[in-house]
1. From the backbone phi of segment 154-168, what are the Karplus-calculated ³J(HN,Hα) couplings (6.51 cos²θ - 1.76 cosθ + 1.60, θ = phi - 60°) in whole Hz, Gly and Pro given as x?
2. Under a plain spin-label model, where a point goes 7 Å from the Cα along Cα-to-Cβ, how far apart in nm are Asp14 and Asp122?
3. State, to one decimal in nm, how far the label point of Thr34 lies from the label point of Ala217, with both points 7 Å from Cα in the Cβ direction.
4. In terms of Cα to Cα distance under 29 Å, which lysines are near enough to Lys17, apart from those fewer than 8 places away along the same chain?
5. Specify the inter-centroid distance of segment 9-61 and segment 109-142, based on alpha-carbon positions, in whole Å.
6. Given charges of +1 on the Cβ of Lys and Arg and -1 on the Cβ of Asp and Glu, with all other atoms neutral, how large is the dipole of segment 107-153 about its Cα centre, in debye to the nearest 20?
7. Please give the calculated 222 nm ellipticity per residue for the chain, where each DSSP H segment of at least 4 residues contributes -39500 (n - 2.57) and the sum is spread over every residue; nearest 500 deg cm²/dmol?
8. For the chain, what does the equivalent ellipsoid look like in terms of its semi-axes, each the square root of 5 times an eigenvalue of the Cα gyration tensor, given largest first in whole Å?
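Derivation of every value follows stated rules applied to the coordinates shown; laboratory data play no part. Because the structure is a prediction, the values reported are computed rather than measured. All Cβ positions, even for glycine, are placed from backbone atoms using ideal geometry, and neighbour counts span all protein chains on display.
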Amino acid sequence: MADPKPWSDLIPTDDVKSFASGFNAAERPMSAGTTAAIVVVDMTLAFVDSAYPTGHSETGWPCVEANAELLAVARALDVPVYFTKDHPDPSHVKLPQERGRWKTQGAPRQPAGLAPGDVIVDALTPTDDEIVIYKGNKPSGFFGTPLASLLTHQGIDTVIVTGMTTSGCVRATTLDAFMNNFHVVIPHECSADRSQISHKVNLFDMHMKYADVVSLAETVEYLHSIVAQPAAV
């Protein structure tokens, strides 16, 4: 039996029932494709660690551990892995037009004595054959980037989206993957947010409309199953 969904202690029964007539059940089987890639969204110090204004260690570091477990499996199976972050230069200072319309308190101030925050955490450091997508200050890894084209070139039909934050950049990347006609899988232990309500509500909403939100264990089982399939003739 599948693991309990992360929203089961939060979403009212009536809300779940409201999807009953027009949507598949929340406990439906996964409906992913046969060629997958992982997109790790913004697992940088700036989002993971509370020392930074936008970080949240309580959920960020457990998310790092879950992603490290997933990537270990993916790399052993030669599943493609992509990462996203803001800029090639982690010390890049954004101009107002680059910051865009975010509802934040201006440009985040770099705390004195800390290393630049726009750096993927050491435990998830990309290997030489893994591509980092620089998405600037937009939430989606697809918006204005070559990600969809790169995935298409590799024959990918399924995107496993992980990272931070669930309600922000993970959600935006998921929706754009969906709109580019990829299957989307979200291993819920591999995604995190500052707000647990936002985390759970957004996972529920994405699961009912755009993606399969499953456990890390189910995702690993899925990766093994597609790699074990015989090559198409």
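1. Karplus values, whole Hz, x for Gly and Pro: 8, x, 7, 10, 9, 10, 9, 9, 9, x, 9, 9, 4, 7, x.
2. 5.2
3. Here the answer is 2.8 nm between the modelled labels.
4. Lys5, Lys200, Lys209
5. 20
6. It comes to approximately 360 debye.
7. So the helix-based figure for the chain works out to -9000 deg cm²/dmol.
8. Values for the chain, descending: 28, 22, 16 Å.
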